[in-house]
Protein chains: 2
Amino acid sequence: MKKILLIVFCLVFLTGYSQKRSDLKLMPWPKHIQVTHQKFIIDKNFKVSVNSDRGIILKSTTNFIRRITNKSGVFIEQGFAEVNNNDAQLHVNFDKISNLELSNDESYSLEVKEDQIIIHAITDVGASYGLETLIQLLSFNNEYFYFPTVEIKDSPRFKWRGLLIDTARHFQPVEVLKRNLRAMAAVKMNVFHWHLTDDQGFRIESKKLPKLNELGSDGLYYTQEQIKEVVQYASDLGIRVLPEIDVPGHASSILAAYPEIGSKKQDYRIERFSGVFDPTLDPTNEQTYVFLDTLISEVAPLFKDVYFHIGGDENEGKHWDENQKIQTFKKLNHLKTNHDLQTYFNIRLEKILEKYGKKLMGWDEILTPQIPKSALIHSWRGVNEGLPKGGALIKAAKAGYQTVLSTGFYIDRMESVVKHYQTKPIGKAVLTPEERARILGGEATMWAELVTPATIDSRIWPRTAAIAERLWSSKEVNDVDFMLKRLSEISVGLEDLGLTHIKNRDVILRNIAKSESITSIKLLADLSEPLKIYARNKDGIEYKTFSPFMLFADACVADASKAVYFNCLVQDYLKNPTEGYKNKIIKEFKSWQLGFANFSNLEVNPNLMSLKKQYQNVFKVATYGISFLNDKKKNFSKKELRRLLKDLKEPCVDTELMIVDSLYKLFNLE
Amino acid sequence: MKKILLIVFCLVFLTGYSQKRSDLKLMPWPKHIQVTHQKFIIDKNFKVSVNSDRGIILKSTTNFIRRITNKSGVFIEQGFAEVNNNDAQLHVNFDKISNLELSNDESYSLEVKEDQIIIHAITDVGASYGLETLIQLLSFNNEYFYFPTVEIKDSPRFKWRGLLIDTARHFQPVEVLKRNLRAMAAVKMNVFHWHLTDDQGFRIESKKLPKLNELGSDGLYYTQEQIKEVVQYASDLGIRVLPEIDVPGHASSILAAYPEIGSKKQDYRIERFSGVFDPTLDPTNEQTYVFLDTLISEVAPLFKDVYFHIGGDENEGKHWDENQKIQTFKKLNHLKTNHDLQTYFNIRLEKILEKYGKKLMGWDEILTPQIPKSALIHSWRGVNEGLPKGGALIKAAKAGYQTVLSTGFYIDRMESVVKHYQTKPIGKAVLTPEERARILGGEATMWAELVTPATIDSRIWPRTAAIAERLWSSKEVNDVDFMLKRLSEISVGLEDLGLTHIKNRDVILRNIAKSESITSIKLLADLSEPLKIYARNKDGIEYKTFSPFMLFADACVADASKAVYFNCLVQDYLKNPTEGYKNKIIKEFKSWQLGFANFSNLEVNPNLMSLKKQYQNVFKVATYGISFLNDKKKNFSKKELRRLLKDLKEPCVDTELMIVDSLYKLFNLE
């Protein structure tokens, strides 16, 4: 699998993509697009008109003007879009205000002509998607910025395109959420799944149950005003907000506040480590339901959306097994397994939610024959959790449940974006139209064990744009090269929304170097990736909530750019050993040598020290590489070289160099 | 003057500062410091104890632990400071809760021994200053991070050390204020002057006068909840918040909402340009005072501080002159001049403020014989406004008024930090102890005509740290070299507070380059500075509120680092033309050549195009410079060279290259 990926990857970096409509940097790619070959030139007289001041469109168009102004540097005179201004060049029209429900129409059409641009949509949200597409069309030559003339008709493949942000394991202030919401809207994502509670923190202000914040949050929680503010902010971007209160497991922070509804008599504390823990609500205690009713009655009205996520995952039932009262209850109620007991709990919770106008959604463990068909199943477990490929998604759809996919979209695992992009929500499953209709879409999940406000963006972006495309665009849009090309350009463009995915990497490197001179460690960071699939935090015990997260690994990202480039070069060279490729590889080697030389000029501190040997080895292998390519292999013995590569392959401060496999191949050591 | 500055500047960059206690990066420099030569080593068992959970100290110490954790990368086990933990190594003790008034005691002592650290202060604010000093002491070798052992006794020279942020001309969201408040506390500043209203916007939510927001703010204002949140946030950092509502001039946004209290019957609109405008409240209309009473009654309670700034500046009285009713009023009330009329207005306003428990503060125009001695005079006018050096400050103090200085601290003018640092609040004035006591301190002023949330930090920081030192430290602390050395290191350290002063420069450059490859334009940006003293926005008409501010000039800062370095090199070379200096200069020239070569590889867009000629000339002059230093002058005629330097001296996209004077000298063309 890996090899195939690598091959697919490479053309992009070395040859560029063939010219066609593919010069456009649209993501997600629209359903129908026709490119003509004129230009709409942007100058200071550019004016925007909307056909109504209702809904979100005045905000969207004003943001549009600001962003085009700053991206182009054109001193656009018009400060705010006007309503029904016939003199405008850009006309944004829609028929009705969006209801911001699952049934919302998100389609739009966008026609750019030489002298006029028309966006039309059924809803204001659709229209604002048209504006996002138009921003992505922004192009330039050396004289002016322009929009290429196009005709676009667009609508999504899936109606649920979500991003989960875990604000429990590390609290994320409102500004972090807002900038990520802006970025979501920019790639036409429409569900913000707000993971609000977990063992490590309860993040919703409760006035009725004040101990939840006092004892369960370390003072880090969203006030009800802030929650409303975020929900409104999301609504203005066409994004639904799905709250999650995770029960009956993942409940340490709840039980730190209200231990009396726990399944075991013990001291409960906010959990500081990561992993799966035992504290669990007692489903046999009526007070548990009183508590949940109270909580839901207060929280439910803060959110406009009809769905309410109750978690329901990873309850291993240890405390249930240990509790005689619970065992007796199970017998009395003919509940054979803990899973049955949890279903009993879920069904009671569903009734509470219903009382407050909400529909239950939960992780796929809730899928049992007894659970009502109104429940929405969130598929997350996959091959790693012992499930067949495709996980619970197809099973749920076939069993009559609406369902949403997160298997394959776990962006916290720090795997290549290619893997997420190639996730096929439906795969080869044969479904009836009704079954197909139950598959609503998917969600990228940003679990926050290892991310802080300073680092979270670089874990989410730009990769999530590719997932957004997977969920919006037709399944035929699957050219990895083309995606990667657009992604790298989209990435810089997203910075205007305030995302920190690029800039905060440098902040971390300056923190490590204690200097503004970071070229050398930046190079090393661009050759390295954080350990993947939870290896960085094995068993969840290396890092705690308040561990340092301004480390080298935090400055590294998946798809390390210079490593990807180098690997492509090597692959091309091995296929076709021209002087051209050879010289490009030598150029890279020389940059590694220079990088280490510069690194050695930094004032050493412990965090740099721990990179020194690694970098020294990079220097050595580069030196060898240059000799090797120039046919002067005498400096190293094969044995030495093997040892060197073995050293390079070893994780270093929770990162791994991504160039080693290529080096084995290049040096013929496989 | 300029030449003297340049000489003072130079040693720093080329020789480093001599070793003594000056390895410490403290800023502001403390009153008494004794350095011994041991180390307190930080390891994971580092524990902090406070002597009380009252006041701000638990928050300060928790922040301290987080920051030390991230700066050092040490996995400190203790998540939160504990109260009276005898096993702790760092003990933070204070006697009483700060009142956060002018009389607040801010002194502290800090003793670092090999195995223990003790901070003691009268107040919790003083104690948290001790923590800030301790953070700045953080040092490292290649094995561990440590605090050097010291004994510090510290207290401020002035009790008013402020930063004004203009949130009217460009709105600054709460997060911008918060991060700047954190940075203020880090350099022991204690007054946030919140310029809340001006011609370009009224930024306070008013429930009693709702049109102020509806018609006067473009929807960009602080809710009352947010104001309270910021005030609380500031209080937790030991910072007083001084609100300013600017009247009777600077009132376009007020009059856009309530034109009936204006001095002229006309359409009023929110002002989009910069400068001094005519719209002025009518001081002869009783409704004006009803309006002000209503507004103050609502706004005053949001702020804890006793001072309330009413602006009062730059009223040229044009509309008063044009209004017959106002002229009649003046005659009837024996008010000879408009200044007299404004004093009448100020005195009435003072009574309203008094009613709501506030004392009046205003810009120095309010200083007239009639104004009560309780008024606080804010000196801002200087030589540029036709006043003698020292401005209104000494005059006010001698006349019996308390006073605060901003002349010399106008950081929006984009002048060298050296100039601000060398501002002498008292100068050579001879003052009685009573007069001296009336000089409370000073304020840096960040006027926001040309700054947005994305750029404001790079205009404020790190320069304001030097002003903080001017106001905190003894006047004998005035070594410019030493200040500059510390400033450049403090700058990187401040990033951990979320400041964007370094990282957002790159964001702008990426926006201009439309690429992550910005090395070449970064170099040009580090040789260039934005035009100074309002030349960038001559007569206030080039830029409007919603003009683009992601331009090259926005990525440039005062004290352009590579230009300063180059100028020092040239100066040293001319004094002492060694091979060493020569080679260093040649190295710089080569980097300019390489920079232009890389620049030429970027895909050209209009914003790059406008830099191209400039950069080309830098390339040419570098090429000449190399020949010149190598005694091969044949490539250029003097005439050509003069023309080239003249070209280079010309402003380009509102920036100027800061290397040209040195080039004239180097090439003997003066």
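The values are calculated or read from the model by the stated rules, or taken from the named source; none is laboratory data. This structure is a prediction, so every number in the text was calculated from the model and none was measured. Counting neighbours? That spans all protein chains shown, and the Cβs are built from the backbone with ideal geometry, glycine included. Areas reflect the complete protein model, heavy atoms only, side chains present, ligands, DNA and RNA absent. Shrake-Rupley method; radii C 1.70, N 1.55, O 1.52, S 1.80 Å.
For the stretch B:597-621, taking the residues that are over 16 Å from B:Cys652 (Cα atoms) and among the hydrophobic types (A, V, I, L, M, F, W, C), the one that is surrounded by the fewest Cβ atoms within 10 Å (Cβ to Cβ) is identified as B:Ala597.
Residues of the stretch B:513-548 that are within 13 Å of chain A (Cβ to nearest Cβ) and of a type in the set (Asp, Glu): B:Glu516, B:Asp526, B:Glu542. Taking the stretch A:116-139 as the range and being in contact with a strand residue (DSSP E or B) (Cβ under 7 Å, 6 or more places away or on another chain) and not in a helix (DSSP H, G or I) as the test, the residues that pass are A:Ile117, A:Ile118, A:Ile119, A:His120, A:Ala121, A:Ile122, A:Thr123, A:Leu138, A:Ser139. Against the test of being more than 11 Å from chain A (Cβ to nearest Cβ) and among the basic types (Lys, Arg), the options B:Arg505, B:Arg510, B:Arg459 yield a single qualifying residue, B:Arg459. Has the stretch A:485-492 got at least one residue that is touching a residue at least 60 places away in the same chain (Cβ under 8 Å) and in the same structural domain as A:Phe549 (by TED's automatic domain parsing)? Scanning the stretch A:485-492, I find no residue that is touching a residue at least 60 places away in the same chain (Cβ under 8 Å) and in the same structural domain as A:Phe549 (by TED's automatic domain parsing), so the answer is no.
Is one or more of the residues making up the stretch A:480-494 at the interface with chain B (Cβ under 9 Å from one of its Cβ atoms) and among the polar types (S, T, N, Q)? Yes, the stretch A:480-494 contains at least one residue that is at the interface with chain B (Cβ under 9 Å from one of its Cβ atoms) and among the polar types (S, T, N, Q).
Within the stretch B:410-437, the residues that satisfy the criterion of being open to solvent by less than 20 Å² (accessible area, probe 1.4 Å) and part of a helix (DSSP H, G or I) are B:Ile411, B:Val417, B:Val418, B:His420, B:Tyr421.
Determine if the stretch B:533-541 includes at least one residue that is open to solvent by less than 20 Å² (accessible area, probe 1.4 Å) and in a loop (DSSP other than H, G, I, E, B). Explain how you work it out, then say what you get.
The initial filter retains those residues of the stretch B:533-541 that are open to solvent by less than 20 Å² (accessible area, probe 1.4 Å), namely B:536-537, B:540.
In the following step, the residues that additionally are in a loop (DSSP other than H, G, I, E, B) were identified as none.
For the stretch B:533-541, residues open to solvent by less than 20 Å² (accessible area, probe 1.4 Å) and in a loop (DSSP other than H, G, I, E, B): absent.
Considering (1) surrounded by fewer than 21 Cβ atoms within 10 Å (Cβ to Cβ); (2) within 23 Å of B:Val507 (Cβ to Cβ); (3) not β-branched (Val, Ile, Thr), the lone condition that B:Lys590 does not fulfil carries the number (2). Looking only at residues in the stretch A:381-406 that are open to solvent by 30 Å² or more (accessible area, probe 1.4 Å) and under 19 Å from A:Asn315 (Cβ atoms), the one that is nearest to the chain's Cα centre (by Cα) is A:Arg381. Out of the residues in the stretch B:148-168 that are charged (D, E, K, R) and under 22 Å from B:Leu302 (Cα atoms), which is surrounded by the most Cβ atoms within 10 Å (Cβ to Cβ)? The qualifying residue surrounded by the most Cβ atoms within 10 Å (Cβ to Cβ) is B:Arg161. Counting just the residues of the stretch A:52-84 that are open to solvent by 50 Å² or more (accessible area, probe 1.4 Å) and of a type in the set (A, V, I, L, M, F, W, C), which one comes out farthest from the other protein chains (Cβ to nearest Cβ)? Only one residue fits best here, namely A:Val83.
Take the stretch A:371-403 and flag every residue that is part of a loop (DSSP other than H, G, I, E, B) and either closer than 18 Å to A:Leu164 by Cα or at pLDDT 90 or above (or both).
The first filter runs over the stretch A:371-403 and keeps only residues part of a loop (DSSP other than H, G, I, E, B), leaving A:371-375, A:380-382, A:386-390, A:399-401.
Matches in the stretch A:371-403: A:Ile371, A:Pro372, A:Lys373, A:Ser374, A:Ala375, A:Trp380, A:Arg381, A:Gly382, A:Ala399, A:Gly400, A:Tyr401.
Is it the case, given these coordinates, that B:Phe202 is crowded, with 23+ Cβ neighbours inside 10 Å, among the hydrophobic types (A, V, I, L, M, F, W, C) and touching a helix residue (DSSP H, G or I) at 6+ places or on another chain (Cβ under 9 Å)? For B:Phe202, the condition - crowded, with 23+ Cβ neighbours inside 10 Å, among the hydrophobic types (A, V, I, L, M, F, W, C) and touching a helix residue (DSSP H, G or I) at 6+ places or on another chain (Cβ under 9 Å) - is met. Every condition in (1) surrounded by fewer than 20 Cβ atoms within 10 Å (Cβ to Cβ); (2) out of contact with any Leu (no Cβ under 6 Å at 6 or more places or on another chain); (3) modelled with pLDDT of 95 or more holds for A:Lys582 except the one numbered (2).
The residue pairs whose first member lies in the stretch B:287-298 and is of a type in the set (Asp, Glu), whose second member is assigned to a helix (DSSP H, G or I), and whose beta carbons are closer than 9 Å, counting only pairs six or more residues apart or on different chains, are B:Asp293/B:Ile352; B:Asp293/B:Lys355; B:Glu298/B:Gln224.
Which residues, counting only those in the stretch B:124-148, are in contact with a Pro (Cβ under 8 Å, 6 or more places away or on another chain), over 20 Å from B:Ile490 (Cβ atoms) and in contact (Cβ under 8 Å) with a residue 24 or more places away in the chain? Across the stretch B:124-148, the qualifying residue is only B:Tyr144.
Can you say whether B:Arg182 is under 30 Å from B:Gln34 (Cα atoms) and either within 13 Å of another protein chain (Cβ to nearest Cβ) or open to solvent by 10 Å² or more (accessible area, probe 1.4 Å) (or both), as far as the supplied structure shows? Steps first, please.
Working: under 30 Å from B:Gln34 (Cα atoms): yes; either within 13 Å of another protein chain (Cβ to nearest Cβ) or open to solvent by 10 Å² or more (accessible area, probe 1.4 Å) (or both): yes.
The answer is yes for B:Arg182.
When A:Lys47, A:Lys20, A:Lys31, A:Lys3 are checked against the criterion of being more than 30 Å from A:Ser662 (Cα to Cα) and at pLDDT below 95, A:Lys20 stands alone in meeting it.
Residues checked against (1) assigned to a loop (DSSP other than H, G, I, E, B); (2) assigned by TED's automatic domain parsing to the domain that holds B:Phe145; (3) touching a helix residue (DSSP H, G or I) at 6+ places or on another chain (Cβ under 7 Å); (4) not basic (Lys, Arg):
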| position | (1), (2), (3), (4) |
| --- | --- |
| B:Asn70 | no, yes, yes, yes |
| B:Val74 | yes, yes, no, yes |
| B:Glu77 | yes, yes, no, yes |
| B:Phe80 | yes, yes, yes, yes |
